[in-house]
1. Got a sec? Which of Arg121, Arg181, Arg137, Arg130 is under 30 Å from Gly218 (Cα atoms) and either assigned by TED's automatic domain parsing to the domain that holds Ser207 or within 22 Å of the chain's Cα centre (by Cα) (or both)?
2. Six or more apart or on different chains, Cβ under 8 Å: which pairs go from a residue in region 258-284 that's within 10 Å of Gln170 (Cβ to Cβ) to one that's aliphatic (A, V, I, L, M) and assigned to a strand (DSSP E or B)? Could you list them?
3. Is it the case, given these coordinates, that Gln117 is assigned to a helix (DSSP H, G or I), loosely packed, with under 13 Cβ neighbours inside 10 Å and not charged (D, E, K, R)?
4. In the set Ser216, Ser227, Ser237, which member is modelled with pLDDT under 90 and farther than 30 Å from Ala127 by Cβ?
Amino acid sequence: MADDCPKCEDGLPPWMATFADLMSLLMCFFVLLLSFATIDAVRFKKMAESMKDAFGVQREIPANEIVKGISVIKQEWSPTLGEPSVITEIRQETSDVEKEHLKMKDGEGEGAGEQQQESERKKALEAAQRALQEELREQFADLQEALEVEVRQGLVTLEQVDKKIIIRIQEKGSFGSGSARLDPGFHDVMGRIGRVLAAKPGTIMVSGHTDNIPISTGRFRSNWELSSARAVTVLHSLLRNPEIAEERVLVQGLSDTQPLVDNDSPQNRAKNRRVELILMRGMDEDFGDLGDLQLK
């Protein structure tokens, strides 16, 4: 039976197995070498820059960058302006990491600081003006509430103009014709006005006005004396409130020099016969040094 079995074909030589294993190992080795040869561009760049600094290789940088770095000559170095040197030109590499902490060139820091301070002063002044206008609106509303009856009867009128509040006391209900004596019942009205005016600072101007019809009596030689006397009478009534300091108040008699309307009818002349209390608010009085600033 053994003689009938066909002869087996010869296979690969035995050394081929060892050779195949060796080729596989070599291929793996070169693949590993290739993988190790991959370059990290970021890390390579940092390493190259460090080597440039270490060997003193310098580069030209824009003038607006601030000098900051480590000198290969002086190891203890802090960011500041360079000291005078015999070298005509010094260039160093820097970055913007701590740029705001370095001292700026002559003139630049001072100019930027002044601009920032001016901007802050303008903002503070604008805020103070808004606060002042808000206070005036509140004070005007308080006067409207306190004098609601008199305003409705036409005895008193109110007006706000810029930084002023004007309280106009008409002759009707306050003074007799040609007289500077305040009606006793009007002292209560002056008390309410005084309480509102005392709540906030400001200069109070008391102005007396007449119409254009001349007056000549035993007491008043002209409308100048009549307008001044009425203004002083209102002042004394206002100063019954001890919270109003006398240095806040100014008095003037203007006769018929500043009429509200033309003196061409009895009704218009009655409008011009009045005493005005003008509350004038100033930035210097309310906000100190801010009052000296002016917006440009």
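The values are calculated or read from the model by the stated rules, or taken from the named source; none is laboratory data. Only a predicted model underlies this, so the values are computations on that prediction, with no experimental measurement involved. Methodologically, a virtual Cβ is constructed for each residue, glycine included, from the backbone with ideal geometry; neighbour enumeration extends over all protein chains shown.
1. Numbers: Arg121 fails: under 30 Å from Gly218 (Cα atoms); Arg137 fails: under 30 Å from Gly218 (Cα atoms); Arg130 fails: under 30 Å from Gly218 (Cα atoms).
Being under 30 Å from Gly218 (Cα atoms) and either assigned by TED's automatic domain parsing to the domain that holds Ser207 or within 22 Å of the chain's Cα centre (by Cα) (or both) holds for just one of Arg121, Arg181, Arg137, Arg130, which is Arg181.
2. Arg274/Ile169; Val275/Ile169; Val275/Val206
3. Working: assigned to a helix (DSSP H, G or I): yes; loosely packed, with under 13 Cβ neighbours inside 10 Å: yes; not charged (D, E, K, R): yes.
Yes, satisfied.
4. Criteria check complete, one pass: Ser216.
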